[in-house]
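Asks: Below are the C-alpha cells for one structure; questions will follow.
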Amino acid sequence: MDYHGKVKKQTGLGLSKPQRRGRHASKGLLRTIYDAFFARFFSALHPFLQAAVDGNGEKIKAMLRRDPELVYIRDEEFGSTALHKASTWGEAGVAAILLAHRSEVDAIDLEGSTPLHRAAEQGHADVLGVLLTKRANVNAKDNEGLTPLHKAARSGSQRSVELLLARGAKVNAVDLQGMTPLDWAEEAREYFSEEDNGYGEVVTVLRQSGGCITAKEKENHEVATMVPAGPTPDSANSREPSERVGRNDPCPCGSGKKYKKCHGAEL
C-alpha cells in the first residue's frame, strides 16, 4: 500500500463519529476546550502534527524538506491536518508555512470543519487572515451546518467577526437548528452575562451588518402578536336576550367583522 493509501486507511476507517456539540454555547465552548486540551497533552500525535500544535515552524520546515507529503497526514482521533492543528492553537506562522507547502486550505476533518472553522471558534483573527488570503471558503458549513461566522460569533471575538464579514461571510446563514450567528452570540452573551466577554460588541456588529431577527426574538414576537381566542360559535349565538347583538354590530368572536357577516350569517 502506498503512502496515500495508508493515510486514507488511518483517517477514514474504524473511526467513530465525534459526539456532536450541544445547542447551548456553554456546551460548545467546553467541548472545544476539552478537545484542544486533550489533543495537546494526552493524544499520541505524529511528530509533524505535534510540531504544528507547538508552533514549531523550524521543525515543520525541516520535516517537510525530508518528506513534503507530510502536509497530507491526519490524526486518527479527529481526522485533522497539521493546518487544522495550527489554526486551533493560533499558530499563524505555522499556518503560513503549511499553506506555502500545498496544505489544503479547505481540508475537512471528521466534524466537517475546515481550518477556518477551527481558527474562528477560538477567535484567532490573525490565523483567519492567513487562511483568507489563500481564499479559504468563508461560508463552508460543518456537519452541524455551522459556518466560520457562527463559530466566531460564539467565540466572542469582534475582530474575527468583522474580518469574516468583510470577506463575504453570510450574516444570516442558518445552521441545522435554524440558528444564525446572531442567535449564537445572543445565547453566549446571556450565558456569560456577568463577565466582560465581548459578546455585546459582537451582537452590535452583526446587527449593524444586517443580522436578522434571532430565533428567540421571533418566537417572542409571534407570541405577542397572536390573536386572543374569542368565544366559540355556539357561545356567540347563545347570549341572553338582553345581550343580543345587532346584525350591524361587531361580532363578539373578535374577528372584526359585522355580526351579520360572521356568526350572524349562520342564523
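Asks: Beyond 24 Å between alpha-carbons counts as too far, so tell me which of Lys61/Lys151; Lys61/Lys141; Lys59/Lys85 fall in that bin.
Replies: Lys61/Lys151; Lys61/Lys141
Asks: Then there is this: Tell me the label-point distance for the pair His101, Thr133, using the 7 Å Cα-to-Cβ offset, in nm and rounded to one decimal.
Replies: Going by the 7 Å Cα→Cβ label model, 1.8 nm.
Asks: Still on this structure: Quick one: with all protein chains in place, what share of the accessible area of region 41-91 is carbon or sulfur, to the nearest percent (1.4 Å probe)?
Replies: 50
The values are calculated or read from the model by the stated rules, or taken from the named source; none is laboratory data. In this text the structure is predicted, and so the values were computed from the model without any measurement. Please note: Cβ atoms are built from the backbone with ideal geometry, for glycine as well, and neighbour counts cover all protein chains shown. The area values use the complete protein model at the heavy-atom level, side chains included, leaving out ligands, DNA and RNA. Shrake-Rupley method; radii C 1.70, N 1.55, O 1.52, S 1.80 Å.
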